[in-house]
């Protein structure tokens, strides 16, 4: 798909075409996919007409996936800090921050899982002692 700047009706037409294609891939028949995409765009123009809307390039889920991949590749010694920074188009400092944050997130998840297991074991022990 060629990326270019579009304005006004071109953007809406492009959205309609993209939505219709996605619906077709999900098994919706062509006529229904076209109808749904046109109806969705009519709703969007009524809701957001006249407003400028910003679409961020990376959503939180995508960023979380990227961060997890960076951490795993670093942990497995598949790539250096500098090569990860270059590959993902971020600074080495950001890579260090991502690794630290991901390490902390995973530590918290492990601790939460261990605490839940201990609580479950305590509840079982109390149940059996009564």
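Just one of the numbered conditions (1) exposed (fewer than 12 other Cβ atoms within 10 Å of the Cβ); (2) in contact with a helix residue (DSSP H, G or I) (Cβ under 9 Å, 6 or more places away or on another chain); (3) part of a helix (DSSP H, G or I) is not true of residue 78; which one?
Of the numbered conditions (1) exposed (fewer than 12 other Cβ atoms within 10 Å of the Cβ); (2) in contact with a helix residue (DSSP H, G or I) (Cβ under 9 Å, 6 or more places away or on another chain); (3) part of a helix (DSSP H, G or I), the odd one out for residue 78 is (3).
Answer yes or no as to whether residue 101 is modelled with pLDDT under 95 and surrounded by 10 or more Cβ atoms within 10 Å (Cβ to Cβ). Steps first, answer last, please.
On the way: modelled with pLDDT under 95: no; surrounded by 10 or more Cβ atoms within 10 Å (Cβ to Cβ): yes.
Here the answer is no, as residue 101 does not meet what is asked.
Is it fair to say residue 19 is surrounded by 15 or more Cβ atoms within 10 Å (Cβ to Cβ), touching a helix residue (DSSP H, G or I) at 6+ places or on another chain (Cβ under 6 Å), assigned to a helix (DSSP H, G or I) and in the same structural domain as residue 104 (by TED's automatic domain parsing)? Let's see the steps before the verdict.
Details: surrounded by 15 or more Cβ atoms within 10 Å (Cβ to Cβ): yes; touching a helix residue (DSSP H, G or I) at 6+ places or on another chain (Cβ under 6 Å): yes; assigned to a helix (DSSP H, G or I): yes; in the same structural domain as residue 104 (by TED's automatic domain parsing): no.
Taking the combined requirement at face value, the residue does not satisfy it.
Tally time: how many residues in the stretch 47-88 are over 20 Å from the mean Cα position of the chain (by Cα) and either modelled with pLDDT under 90 or on the phi > 0 side of the Ramachandran plot (or both)?
The first filter runs over the stretch 47-88 and keeps only residues over 20 Å from the mean Cα position of the chain (by Cα), leaving 47-52, 74-83, 86.
So of that shortlist, the ones also either modelled with pLDDT under 90 or on the phi > 0 side of the Ramachandran plot (or both) come out as 47-52, 77.
Of the residues in the stretch 47-88, 7 are over 20 Å from the mean Cα position of the chain (by Cα) and either modelled with pLDDT under 90 or on the phi > 0 side of the Ramachandran plot (or both).
Out of curiosity, is residue 35 farther than 30 Å from residue 92 by Cβ, surrounded by 14 or more Cβ atoms within 10 Å (Cβ to Cβ) and modelled with pLDDT of 85 or more?
Working: farther than 30 Å from residue 92 by Cβ: yes; surrounded by 14 or more Cβ atoms within 10 Å (Cβ to Cβ): yes; modelled with pLDDT of 85 or more: yes.
Yes: the conditions hold for residue 35.
For residues in the stretch 38-71 being in contact with a helix residue (DSSP H, G or I) (Cβ under 7 Å, 6 or more places away or on another chain) and under 30 Å from residue 105 (Cβ atoms), which is surrounded by the most Cβ atoms within 10 Å (Cβ to Cβ)?
Within the stretch 38-71, the match that is surrounded by the most Cβ atoms within 10 Å (Cβ to Cβ) is 70.
The values are calculated or read from the model by the stated rules, or taken from the named source; none is laboratory data. Remember, predicted model here, so these are calculated numbers, not experimental data. Positions of Cβ are backbone-derived with ideal geometry, glycine not excepted, and every protein chain shown enters the neighbour counts.
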